[in-house]
Amino acid sequence: MASPNYDALTGEGEHPFTYRLGLQLSDFASESVIVSDAHGVIQYWNAASEALYGWPAMAMIGQIYEAFREHEAEHTRALLREGRWEGVVRRRHLTGTEVIAAVRQIARRDANGTLLDIVEFGRNAGAMSETAIIRLDAELQGYLAASWELDTSPARSVLHTIGELRNRGIIDDLTEHPEWVERLLSATRISAVNDRTVRMFGAHAGHKQMIGHPVGAFWPAESRSVLATLLEAVASDRSRLEVRKVGSSGTMRDPIISAWHAAEPKPPGTVVVTVKGAADDDRTSWELQASEERYRKLIQYLPTALWQVDSRRADEAFDQLKANGVRDIAAYLDRNPDLVEHAKDVVRVTEVNRDAVSLFRASSAADLINPVRYIFAAAPGLAERVMTAHFERRRNFIEETKVLAFDGTIIDVLFTVTYPVPPEQLDTTFITMQDISERLNAERQLRKLQADFTHAGRIATLGEVATSIAHEINQPLTAIVTNGETSLRWLARADQNIEKVTQLTSRIVSNARRASEIIQRIRGMAVKQELEKRLIDLNEVVEEALLFSRHDIDSKSIALSTTFDSGLPRVMGDRIQLQQVMINLLVNSVQAIAQSGQPTRRIDIQTAIDDGGSVVFSIFDNGPGIAAADLEHIFDRFFSTKDSGIGIGLAICQSIIAAHGGSISGSNRSNGGAHFRFMLPVPTGPGAASDVANIIQQTHPPVQ
Amino acid sequence: MAIRAMLAKAIRLSKAPVVAIIDDDESVREALSDLLLVQDLSCRTFDRAETFMAEYVPGKFDCLITDVSMPGHSGLDLLQRLRSIGSSIPVIIVTADTSPTARSRAIRDGAHAYLTKPISSEALLRHLQSALSQVSPPPGDGGQGTISDG
């Protein structure tokens, strides 16, 4: 009997329906063919069945199949679940003797999945030795199990030493010598695995990532010593077949692990291991597969780079360390850097998505399905911190760090780890990475601007009010030029109209004054200034700021209303800088409204005194408001959502208001739109001092 | 020239032309109307597009001089609106906006001229004259206005 044919097991292989057309010919087949319906009633019984079991077709057709097949309930469940079962059965012959048959059963279903019938092919296995029968059974059932073909030849010296130690009485039970278990599993290489193994033991990327690697890299923690014991038992003895039942693990319930030495023509030292057990889930395996498929699709198309990592090996190490009384893992890892290095090799990536492949500039997912070492290549200490968080049973780890892409690029990423918490499957640690290099670049540039934040503020606001200024200044200029030219035309006429020319000339003068005032204001805006605090009337400051923004507001058909509290106390402030704040807030509102497509567009500006006696400036708009997720970030130094029009200006606004001892806040209005307000404290202290300040202010108005 | 067109011109010229001026800035309005006055042209001024449209009936005005940036509808919106209701009134745009987008939009919608502030009165009057002497443009003549920086 040859060992299982893995090529057949891994792909489509033998198709269960190959035999369908041959059914009528099976009367003459040498194999027993039995067909029973969904209720177990035998429908067909061929001549070979009569020969094998002694029972004539006449006696069997129409009979309940179950009566004939005792002790087969368990494998029938597997058959119904998997659609197929192969193995050795023991049945009763007409004469009462036992018939040992190797059978292959196929459950046929219609398109809706309803069971149609069960077809069984059988042949006599009675002439074989007991061991051969067990091995035949194990091999036949191999495809139902997770099957591994292992090469123990590289482990020969390890096995030899274990044998020596056993002879000398040093090793009795391998379970008590984890170091030898590990050595054996590290030395034993995987030569083949089937799909089920690939699926169940973590390396979702495919066979390629498993073959040639030590079995120890994949074998689950709870049965490592079981596997080592089995390997030791069968590696040198071709006649042995070892079977162990182990506790539930991963997706399997009460798995049974079988191991035997493969027969010729496999080279000596080749051991076949199968892991069988009901999937730890009531769903049928194909449902399970479909849900896995959906899950993997979901992961594939997640718009963030994602790694699924099997960190169970780290868990084991941690459990050991905890058992040894280690509490301060960070310090421990510092003293034992080898542990970190070891973890980088034994903790493996089992799945990645498309974004991960493109983030790492890899050519395919397979490049990333490796031990996690490559993830930590550009970030010293990151692996230690990730391990520390894991050890401390934190749910998440988050850090801004760097990774090294396969093309040598260093990428700034926001790196997060989500650790599994029992009873979740422990092989699902998730790592996500978000490319933040663009954001960081922008931040770096902004920081340069921020170094001189008044200047930065000027750039942020002046750019936006430039059109407004051009418009403002062009109006009086147009009036001046036109009035001047009209005067000349009047003077050129025969009927000179001196009265009209006088009127036009006075208009020229007043428009020239107006232009000059505007230029003064622009100069005030443009000149870089230190914070120059004076006692100011906030209402006046607002009115001046509106002059600069009016054009922008008007041109976007926004209705502007102002409500000024006439009894506002004066505050200490820098007029120009406060105007910058107001203009920034106005520009933001205008942009937000313009973009919202609201039919009625409104901005309301208010000044008031709040309960604490501070002076408050408020701006309400009926734009789209601030996205809930952004609310708490809008004043962050470098926060910017280009779409909603909230520029970097807000950070500068906050700096300015803070320099005034005030505070600024943004919120959403209950009926839609945003509300920004800032508060400035009114100078307190002895009334006399305040009065003096007021007198000074009134008698020596600040020079503009 | 077709009889009908000559007749139309004769009828048009039989009354003094009226020019509409729209600008939200009072001093600009005053300056422009005084400029027309010295040329013996009568005009009506409006502070925004909406007030003009409230009074607009086809044939009432012979030419329109309008600003672009104003509260409410812009001069360009107005031009588009006039064309959409089938009006072929010559429109001279007078604006501080030098952006190519605004200019090309004006040309597309058949502005007679596009002048940027501060304007030269000589250029404005020249365009005004050509607009007033213009017979109803042939269909599809939307984009053929004289475009000048004034």
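Using 0.36 nm times the number of residues separating residue A:400 and residue A:74, minus their current alpha carbon distance, what extension gain do you get?
Between residue A:400 and residue A:74, full extension yields 112.1 nm more.
Work out the FRET efficiency for residue A:38 and residue A:300 from their Cβ-Cβ distance, taking R0 = 35 Å, and round it to the nearest 0.05. Kindly include the intermediate steps, with their values, before the conclusion.
Details: r = 38 Å, r/R0 = 1.08.
Given R0 = 35 Å and the Cβ-Cβ separation, E is 0.40.
If R0 is 41 Å, what FRET efficiency do you get for residue A:566 and residue A:513 from their C-beta distance, rounded to 0.05?
For R0 = 41 Å, the calculated efficiency reads 0.90.
Select from segment B:96-126 all residues whose loss of accessible area on going from the chain by itself to the full protein assembly reaches 30 Å² or more (probe 1.4 Å).
B:96, B:117, B:118, B:119, B:121
If packing is taken as the average number of other Cβ atoms within 10 Å across a peptide's residues, how do A:474-480, B:68-74, A:326-332 rank, most packed first? Intermediate results must be reported in sequence, preceding the final value.
On the way: A:474-480: 24.3, B:68-74: 22.0, A:326-332: 13.7.
For the peptides A:474-480, B:68-74, A:326-332, the packing ranking is A:474-480, B:68-74, A:326-332.
Residues of segment A:552-590 that become at least 30 Å² less accessible with every protein chain present than in their own chain isolated, using 1.4 Å: which are they?
Residues shielded by partner chains are A:554, A:557.
Is there a simple number for the mean count of other chain Cβ atoms within 10 Å of the Cβ of residues in B:31-44, and what is it? Show your work: numbers first, answer last.
Values: counts 15, 5, 2, 12, 7, 1, 5, 12, 2, 0, 0, 0, 0, 0.
If you average over the peptide's residues, the count of other-chain Cβ atoms is 4.
Sort segment A:511-633 into rounded, prolate or oblate with this rule: let a ≥ b ≥ c be the square roots of the eigenvalues of the Cα gyration tensor; rounded if a/c is under 1.5, and if a/c is not under 1.5, prolate when a/b is larger than b/c, oblate otherwise.
oblate
Keeping all protein chains in place and using 1.4 angstrom, which order do B:30, A:540 fall into by accessible surface area, from largest down?
The residues order as A:540, B:30, largest area first.
Sorted by accessible area (1.4 Å probe), largest first, how do A:664, A:61 line up?
Order by accessible area, largest first: A:61, A:664.
Along the Cα→Cβ direction, 7 angstrom out, place labels at residue A:670 and residue A:491. What is the inter-label distance in nm?
6.6
At a probe of 1.4 Å, how much accessible area disappears from chains A and B on forming the pair, both sides counted, to the nearest 100 Å²? Could you put the intermediate results ahead of the total?
Numbers: alone 34780 and 7910 Å², together 40590 Å².
When A and B are taken together, about 2100 Å² of accessible area is lost.
At a Förster distance of 45 Å, what's the computed FRET efficiency of residue A:95 paired with residue A:237, Cβ-Cβ distance as r, to 0.05?
Working from the Cβ atoms, E equals 0.75.
Leaving ligands, DNA and RNA out of it, work out the accessible area of residue A:266 with a 1.4 Å probe and give it in Å² to the nearest 10.
60
Find the relative contact order for segment A:146-242 and round it to a whole percent, using C-alpha pairs within less than 8 Å whose residues are 6+ positions apart.
That works out to 32 percent.
What does the charge count near residue A:673 come to, summing +1 for each Lys or Arg and -1 for each Asp or Glu among other residues with Cβ under 11 Å from its Cβ? Could you put the intermediate results ahead of the total?
On the way: positive: A:601, A:602, A:669; negative: A:604, A:621.
Overall, the nearby charge balance is +1.
The values are calculated or read from the model by the stated rules, or taken from the named source; none is laboratory data. In this text the structure is predicted, and so the values were computed from the model without any measurement. Please note: Cβ atoms are built from the backbone with ideal geometry, for glycine as well, and neighbour counts cover all protein chains shown. Accessible surface areas use protein heavy atoms only, side chains included; no ligands, DNA or RNA. Shrake-Rupley method; radii C 1.70, N 1.55, O 1.52, S 1.80 Å.
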